[in-house]
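The values are calculated or read from the model by the stated rules, or taken from the named source; none is laboratory data. All values reported here derive from a predicted model rather than from experimental measurement. Here Cβ is always computed from backbone atoms with ideal geometry, including for glycine, and neighbour counts include all displayed protein chains. Protein only, heavy atoms only, side chains kept; ligands, DNA and RNA dropped before computing areas. Shrake-Rupley method; radii C 1.70, N 1.55, O 1.52, S 1.80 Å.
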Amino acid sequence: MNDFSGTGVSPGVVIGKVQRFIQSKNFGAVSASLSQVLDQLENVANDLEIRAKDIELESAREILLAQALIARDPALSEAISLRLSDEVIDPDVRSTLEDAFSGFRDALMAVGGYFAERVADLDEIAHRLISKLAGREVEQLNLTKPRIIIAEDLTPADTASLNLEFALALVISKGGPTSHTAIVARGLGIPAIVGCAGVLDIQEDVEILVDGRDGVVVINPSNEEVARRQSRESSFRARAEAIRGPGFLRDGTPVTLLANAGSLDDVEMAIKVGAEGIGLFRTELLFLDRHSEPSIEEQVHLYASVFTSMAGKKIIIRTLDAGSDKPVPFINAEVEANPALGVRGWRLVRTNEVILNRQLDAIANAAVQVKNNGVQFDIWVMAPMISTPAEAKEFASKVYSLGLKNAGVMIETPAASLHADKVLKEVDFASLGTNDLSQYVMASDRLDARLSDMTTTWHPAVLRAISIAAKSAKKLGKPIGVCGESAANPQLAAVLIGLGVDSLSMAPSALADVRGFLAQVTSEQCLKAAKGVLDTSSAEEARDLAISKLGN
Ligand code: PEP
Ligand code: MG
């Protein structure tokens, strides 16, 4: 049997025997009346809340509480009430409920991204409800020996209540990097791989190796393979733990290492791992699950808390990047044929200018409030999805008019990169959003797992786009950083430095690894790797070349 690969979402290398967890969904015919269904739906919500109480890990607890909220959503009971009655007992209530849930499923799938992955929550609630109506207990993942768990998907309740003494690693055939399994596994600190197609073919008790950094499963691994992967993982960890403080290369060249954050919890993590500042504060979280705009006061409160937490440090706050993979219900209600190419990010100034203006007001008010409290800060404000010098100019003038000093743009469209010499004239700094830049340069959807080999910053075409922007920034003497996922890959981070970027912003969990790796390589190595990758023909060639110049 061949080895398998997926997306590594929690690093670590382990070997162990497999325990498969395949839930039976075969209940036979289930009949029920409307009041029986609604009573059991309430019981499902209660069960979830009760389980949440016993769970220590905060992220897991929150997931269960959010599921309980979905189960209590009046729109869900309404959809059920439309299809059932108390006068006639439905002999096939399962199909009826599937129909009632399907409208919600389709709506979530259609918006994609974060929302599409919440379909798993709905499916979990439906499964629990049918189990209850069939008079069955939901199967539990029961571990009595150390095992690597293989499953199609794990519910948050399964993952959160794992017996850590025995759970060696998780390999899931479905799911993406923002699935519950990924979030909880990282929180628990056990290796995990998601989106690992074919892995369900592995039988019970087969010995496998799981490399959660590379996203690789090896069946019956040789001793050499185990030793090689374990030693690589240990050197990653040793390097990461050995160094603290600001980033630098082996020859002493400083590299500013910043963290990406979307909440105050992330900001705390950033401080814990010694980030020199926040290189991207995503403001979408406050807007994402809402039906109406958060008030200016609520926004000021969040932004002022972030500025205060990062007192004395640099914070780049990004204006609302609603649309496409981050749809906001009350803003992106209109159906677009191509949401990734539609009215998203700063382009919302065309349709929702007041929302963007109010957000900028909130940022400026928060800055004043924090200053009046005697806190020192260094706030930079940035707009997403800028394509033209005119957009950059319009954004900067709004920022300056509010008394804020540093206005910048994300470079994440091919237009902004190719035209960076003109775009950057209008602003004070730039940050390369390599997640979107890779998607747009390669014309391949960042959310489509079938194209993930193509949607990569390692592709030389994307690296050329980065190089063009970095050169323009250098000529104009404007700072340029990277805040896409690429900055979290140690070798790619070194290549980006070689291409001329001066700061890297990444998920806080990646910072120690990147800092450790950069301290092993010189500026000359970075330059050589950067020069080399620009002349390759594929992402694989570029990655191999970088590893040959920089080491593993
Ligand atoms: C990016 O596109 O690289 C980026 C950092 O922004 P987001 O992932 O939020 O679109
Ligand atoms: Mg982006």
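Structure notes:
- Working ranking of peptides 54-63, 162-171 by packing, defined as the average number of other Cβ atoms within 10 Å per residue, highest first, is 162-171, 54-63.
- Entries of K393/K474; K174/K272; K272/K405; K398/K475; K405/K474; K272/K313 with Cα pairs more than 23 Å apart: K174/K272; K272/K405; K398/K475
- Prolate/oblate/rounded call for region 196-351, Cα gyration tensor, a/c under 1.5 rounded: oblate
- The string of couplings for region 338-352 from the Karplus curve (6.51, -1.76, 1.60, θ = phi - 60°) is 9, x, 5, 9, x, 7, 9, x, 4, 4, 4, 4, 6, 10, 9 Hz, one whole number per residue in order, with x for Gly and Pro.
- Compared with the direct C-alpha span, the chain from D54 to E334 gains 96.7 nm at full extension, assuming 0.36 nm per residue.
- Bins of 10 Å from zero: percent of alpha-carbon pairs in region 394-542: 12, 40, 35, 11, 1
- Accessible surface computed residue by residue for the chain, with neighbouring protein chains in place and a 1.4 Å probe, gives 43 Å² per residue.
- Take each peptide in 189-198, 231-240, 343-352, count the other Cβ atoms within 10 Å of every residue, and average; sorted highest first, the result is 189-198, 343-352, 231-240.
- For T351, no residue whose modelled amide H falls within less than 5 Å of its own remains once neighbours fewer than 5 places apart on the same chain are excluded.
- Counted over region 7-140 with a bin width of 5 Å, the fraction of Cα pairs per bin, in whole percents, is 2, 9, 17, 20, 19, 15, 9, 5, 3, 1, 0, 0.
- Take the Cα radius of gyration of region 483-539 and divide it by 2.2 N^0.38 Å, N being the number of residues; the result is 1.08.
- Carbon-plus-sulfur accessible fraction, the chain (probe radius 1.4 Å, protein heavy atoms only): 51%.
- Across region 1-132, the relative contact order, built from alpha-carbon pairs under 8 Å that are at least six residues apart, equals 30 percent.
- For peptides 45-51, 331-337, 75-81, sequence by mean Cβ density within 10 Å, most packed first: 45-51, 75-81, 331-337
- Measuring with a 1.4 angstrom probe and ignoring ligands and nucleic acids, S537 comes out at about 90 Å² accessible.
- Over all distinct Cα-Cα pairs of the chain, the Kirkwood formula returns a hydrodynamic radius of 25.0 Å.
- Region 203-292 - share of DSSP beta bridges that are antiparallel (%, nearest 5): 65
- ³J(HN,Hα) computed for each position of region 321-332 - Karplus, 6.51 cos²θ - 1.76 cosθ + 1.60, integer Hz, glycine/proline x: 9, 7, x, 6, 6, 10, x, 10, x, 7, 10, 9
- Alpha-carbon centroid distance for the pair region 218-286 / region 333-399, whole angstrom: 29
- The long axis of helix 223-242 is offset from the longest Cα principal axis of the chain by roughly 60 degrees.
- Degrees, to the nearest 10: 58-71 long Cα axis against longest axis of the chain: 50
- Built amide H within the under 5 Å cut-off of V9, gap 5+: A192, I193, V194
- Couplings 3J(HN,Hα) of region 195-212, computed from phi: x, 9, 4, x, 5, 5, 6, 6, 8, 3, 6, 5, 8, 9, 10, 10, 10, x Hz, in residue order, whole Hz [Karplus 6.51 cos²θ - 1.76 cosθ + 1.60, θ = phi - 60°; x for Gly and Pro].
- For V14, nonlocal amide neighbours, meaning residues 5 or more places apart or on other chains whose placed amide H falls under 5 Å from its own, are V210, G212.
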